Amino acid sequence: MIEEIRPRLYRLEIPIPKNPLKALNCYIVKGSDRHLVIDTGLNREECLTAMRQGLQELDIDLTVTDFFITHMHADHSGMLPALQTPTSAAYASSTDAQAILTMADPALWHRMEEFAVRNGFPSAEARAAINLHPGFQYGPSRKAVFTTVSEGFVLATDSYRFTVLETPGHTRGHLCLYEADQRILISGDHILRDITPNISLWSDAHDPLGHYLASLDKIRSYNIDLVLPSHRRLFTDCNARIAELEEHHRRRCAEALDILQDKPLTSYEVAAKMTWDLRGT
């Protein structure tokens, strides 16, 4: 499905089969000379078919198309090498670009499995979780070529000037795009309307939740009339949603601390005692 959000700015839904997320919102900015595609979808045939059909409907020539990857997760980056041409730039943060380039390395997944086991996962369960991980199954099959960008970098088309905002938390190198004149935020997975973004810890050296909350607070200072998230509905009440997400994490942290009052537990044990709402709607 293609939706024109604003003149020459489109949303193309890329399916995420057998997943509660249902679809990725791929945003396409059509220019007179060059086009911009924001996030790509998983490296699987259903996604590639939907992307090709959408690009054909919009008359997008990939040889004059650049790509912006909000973050390294496979539902955002997996299809990039299949779409990138020798004349296509692919923009991402340096941190997440490196993560994408190493996604096919077995050593990466072994480290993730070891970290899960150290935090209480039974070994067989950790191995099974890795085998089912979308990045393990549907990550890029070959290397993309990246142009790394950071805070303040501007991507300009005929009608839009998007400024890169660094918003670590959901991943270490997560990026958003802000269009000041149109007051539009392309939020990636940083702020979603119907889903609480996943904040994952895969190293003792980082504080992803702390970074995420700081990144939420950072976005509060921008004038935003429309948020274009990577999944589900577009929305307008950005600061209200930020407040909801902050309250969600306050409550979840309080619940975890309450569980830990009586005795030390592993992360796996704490998670087993917490309440969960896993509706796929």
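Brief remarks follow.
- Test: residue in the stretch 197-216 that is in contact (Cβ under 8 Å) with a residue 12 or more places away in the chain, in contact with a Phe, Trp or Tyr (Cβ under 7 Å, 6 or more places away or on another chain) and part of a helix (DSSP H, G or I): no
- Residue list for the stretch 138-155, filter: out of contact with any helix residue (DSSP H, G or I) (no Cβ under 8 Å at 6 or more places or on another chain) and either open to solvent by 70 Å² or more (accessible area, probe 1.4 Å) or within 27 Å of ASP204 (Cα to Cα) (or both): VAL145, VAL149, GLU151, PHE153
- Residues located in the stretch 110-140, provided they are more than 19 Å from the chain's Cα centre (by Cα) and aromatic (Phe, Trp, Tyr): PHE115, PHE121
- The sole residue among ASP262, ASP237 that is farther than 30 Å from ILE2 by Cα and either acidic (Asp, Glu) or at pLDDT below 95 (or both) is ASP262.
- For ALA74, the requirement of being touching a Ser or Thr at 6+ places or on another chain (Cβ under 8 Å) and closer than 25 Å to THR147 by Cα is not met.
- Subset of the stretch 118-137 (residues that are of a type in the set (A, V, I, L, M, F, W, C), in a helix (DSSP H, G or I) and open to solvent by 60 Å² or more (accessible area, probe 1.4 Å)): ALA124, LEU132, PHE136
- Restricted to the stretch 1-40, the set of strands (runs of 3 or more DSSP E) holding at least 2 residues that are under 16 Å from the mean Cα position of the chain (by Cα) and of a type in the set (D, E, K, R) comprises 9-15.
For (1) at positive phi; (2) charged (D, E, K, R); (3) not in a strand (DSSP E or B), each residue gets a yes or a no:
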| residue | (1), (2), (3) |
| --- | --- |
| GLU151 | no, yes, yes |
| PRO168 | no, no, yes |
| THR171 | no, no, yes |
| CYS176 | no, no, no |
| ASP181 | no, yes, yes |
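- THR49 under 16 Å from TYR138 (Cβ atoms) and surrounded by fewer than 14 Cβ atoms within 10 Å (Cβ to Cβ): yes
- Qualifying positions in the stretch 164-190 - more than 10 Å from the chain's Cα centre (by Cα) and hydrophobic (A, V, I, L, M, F, W, C): VAL164, LEU165, LEU177, ALA180, ILE184, LEU185, ILE186
- Selection count, the stretch 74-83, where residues are buried (at least 20 other Cβ atoms within 10 Å of the Cβ) and out of contact with any helix residue (DSSP H, G or I) (no Cβ under 8 Å at 6 or more places or on another chain): 1
- Among residues of the stretch 9-29 being open to solvent by 40 Å² or more (accessible area, probe 1.4 Å) and in contact with a Pro (Cβ under 8 Å, 6 or more places away or on another chain), the one that is modelled with the lowest pLDDT is ASN19.
- Scan of the stretch 156-166 for residues that are open to solvent by less than 40 Å² (accessible area, probe 1.4 Å) and not in a strand (DSSP E or B), ordered by number: THR157, TYR160
- Pairing residues of the stretch 242-266 that are part of a helix (DSSP H, G or I) with residues that are among the charged types (D, E, K, R), at Cβ distances under 7 Å and at least 6 apart in sequence or on separate chains, gives ILE242/ARG220; ILE259/LYS273.
- Within the stretch 52-73, the residues that satisfy the criterion of being open to solvent by 20 Å² or more (accessible area, probe 1.4 Å) and closer than 14 Å to MET1 by Cβ are GLN53, GLU57.
- Remark: SER32 falls outside the filter, which requires a residue to be open to solvent by 10 Å² or more (accessible area, probe 1.4 Å), touching a residue at least 24 places away in the same chain (Cβ under 8 Å) and in contact with a Gly (Cβ under 8 Å, 6 or more places away or on another chain).
- Residue within the stretch 218-236 that is in contact (Cβ under 8 Å) with a residue 40 or more places away in the chain, out of contact with any His (no Cβ under 9 Å at 6 or more places or on another chain), on the phi > 0 side of the Ramachandran plot and not hydroxyl-bearing (Ser, Thr, Tyr) present: yes
The values are calculated or read from the model by the stated rules, or taken from the named source; none is laboratory data. Please read all numbers here as calculations on a predicted model, not as lab measurements. Neighbour counts are summed over all protein chains in view; Cβ atoms, including those assigned to glycine, are modelled from backbone coordinates with ideal geometry. Remember, those area values only see protein heavy atoms, side chains included, never the ligands or the DNA or RNA. Shrake-Rupley method; radii C 1.70, N 1.55, O 1.52, S 1.80 Å.
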